[in-house]
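Below is one structure; the comments refer to it alone.
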Amino acid sequence: MTPDNYFRNFDFSKNDINKYLEKAKEDIAIAEKSDIPKVKTLFVYKALIKLGIATIAYKKGKRVRSKSGHHIKILSNLSDILQNKDIAIIGNIIRKKTKF
């Protein structure tokens, strides 16, 4: 993760990270229960972002700043950390198609 103005150092507790993971699980559960494609897409995307925040916090000790473009940075950093380009590609396709 390259230093930029989208992230700042932050001392996360295990509880802080677990809250993001629990919220991501809740979003996935909502997606699974819905029969509406747009609802499924929205909540899967929200879960992906929360998983990205938790992963960046755990691996890098960084907190994302809420500013224009921060979802793109989360997806990019998650993709880099997990060494899987598809995460950023698919995440950005979902983001663009649903206009988050």
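The values are calculated or read from the model by the stated rules, or taken from the named source; none is laboratory data. Not measured: the values here are computed from a predicted model. Here the Cβ positions follow ideal geometry from the backbone for every residue, glycine too, while neighbour counts run over all protein chains shown.
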Quiz item: Say we look at segment 49-100 and pick out the residues that are part of a helix (DSSP H, G or I) and among the basic types (Lys, Arg); which of these is nearest to TYR6 (Cα to Cα)?
Solution: LYS73
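Every residue, every condition in (1) modelled with pLDDT under 95; (2) not hydrophobic (A, V, I, L, M, F, W, C), yes or no:
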position	(1), (2)
ASP4	yes, yes
ILE17	no, no
GLU22	no, yes
LEU42	yes, no
LEU51	no, no
SER66	yes, yes
ASP86	no, yes
ILE94	yes, no
Practice problem: With the condition kept exactly as written, say whether any residue in segment 31-42 is free of Cβ contacts under 8 Å to residues at least 40 places away in the same chain, within 12 Å of the chain's Cα centre (by Cα) and assigned to a helix (DSSP H, G or I). | Solution: no
